[in-house]
Amino acid sequence: MQTPVQSAPAKPSRRTKLYLPREHGATAMLLTPIFSVAILARTWRWSEVAVLLAAFAAMSAKDPAVLVMRQLFVWKQRSPDAAGAVRWLIGWSVVLLASLAVLLATWPLHAFLAIGAGVAAFGCAAIAVNLKNRQRSTLFQIASAAALTSTSLATCIAATGSVAPWCWWFWILIAMQASAGILVVHARLDARIAARKAMAASQQFRHAAQAALAVLLCAAATAAFLKHPWIGLALALAFAGYAYDLKRQKNAASLQMPLKTVGQQALILSTVYAALLIAGLW
């Protein structure tokens, strides 16, 4: 099915648009693994800074890239924001390429090609999904969590020259928590929209979030059985926090809570979760 041709926004922005990451939750998913693995690696190399810059630049370049692609393939009229988006896209691309040059010089070639191919594939997929307005796809949201938290793998390579076994576990555990968090937030957004329109809320993300919580609970039980108390505690905490949020989404007063407050609470939960994982994997 072809994407319908649309008109570009007719009015320019009142102020210069800054193409920086807008989704604080996604930014936390990107950056938290970097700092966590930097601690767990127990060593320091300057190439870790290149990982940080590359990750931030890639994330920041997404919005201007989507706008430029829409200008080329979707909109009939020229958007007044297109020129600014091109400049930002070029700027972030320069930062990204410079960071990649550092990583190419310091990483094993096979690791650079593997991580680079994965990032490029997901970047192209993300732009395509946004062009088709399919970014609310449950599968895409879960894939986004896995992709954003994969900065943990890149940081481990930068610090140690390879992906240590503990880092694979860290990535799996942090991606599980991130996936559950994304699904719970989308369930809240659906509930808010339904409350405003006095209609039944979509259950798509709520059911997906419940499935993710079941995975967290099973993982917590497994960690406890295998005598990894800190990891079990982290998983149990994430389960309890997200289960509580799903429960309060049925309360009309709770749905009026500012999204900024909800985001701050989610950030605290994810930070404590990461700290407990560090304790468990230390």
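Cross-link pairs exceeding 22 Å in C-alpha to C-alpha distance, out of Lys62/Lys197; Lys197/Lys247; Lys197/Lys250; Lys76/Lys132, comprise Lys62/Lys197. The accessible-area ordering, largest first, of the residues Ser93, Ser79 stands as Ser93, Ser79, per a 1.4 angstrom probe.
Peptide packing for 38-51, 256-269, 172-185 was compared via the average number of neighbouring C-beta atoms within 10 Å per residue; ordered from the highest value, the list is 172-185, 38-51, 256-269. Here, region 243-282 has an Rg and a Dmax of 13.3, 42 Å when only alpha carbons are counted.
Given only helices, namely DSSP H runs of n ≥ 4 each adding -39500 (n - 2.57), what is the per-residue ellipticity at 222 nm of the chain, to the nearest 500 deg cm²/dmol? After summing the helix terms and dividing by the residues of the chain, the value is -26500 deg cm²/dmol.
Over all distinct Cα-Cα pairs of the chain, the Kirkwood formula returns a hydrodynamic radius of 20.3 Å.
Each listed q (0.18, 0.19, 0.25 Å⁻¹) maps to a log10 I(q)/I(0) for region 146-240, found by the Debye formula over equal Cα scatterers with no solvent: -0.86, -0.91, -1.16.
Evaluated over the Cα positions of region 15-127, the convex hull gives a direction-averaged projected area, one quarter of its surface, of 8.1 nm².
Accessible area ranking (1.4 Å probe, heavy atoms, ligands and nucleic acids excluded), largest first, for Trp230, Trp75, Trp171, Trp282: Trp282, Trp230, Trp171, Trp75. The alpha-carbon atoms of region 124-282, seen along their principal axes, cover 53, 37, 25 angstrom, with the largest extent given first.
The values are calculated or read from the model by the stated rules, or taken from the named source; none is laboratory data. Owing to the predicted nature of the structure, the values given are computational and were not obtained by experimental measurement. For neighbour counting, all protein chains shown are included, and Cβ atoms are generated from backbone atoms with ideal geometry for every residue, glycine included. Just so you know, the surface numbers come from the protein's heavy atoms only, side chains and all, with ligands and any DNA or RNA stripped out. Shrake-Rupley method; radii C 1.70, N 1.55, O 1.52, S 1.80 Å.
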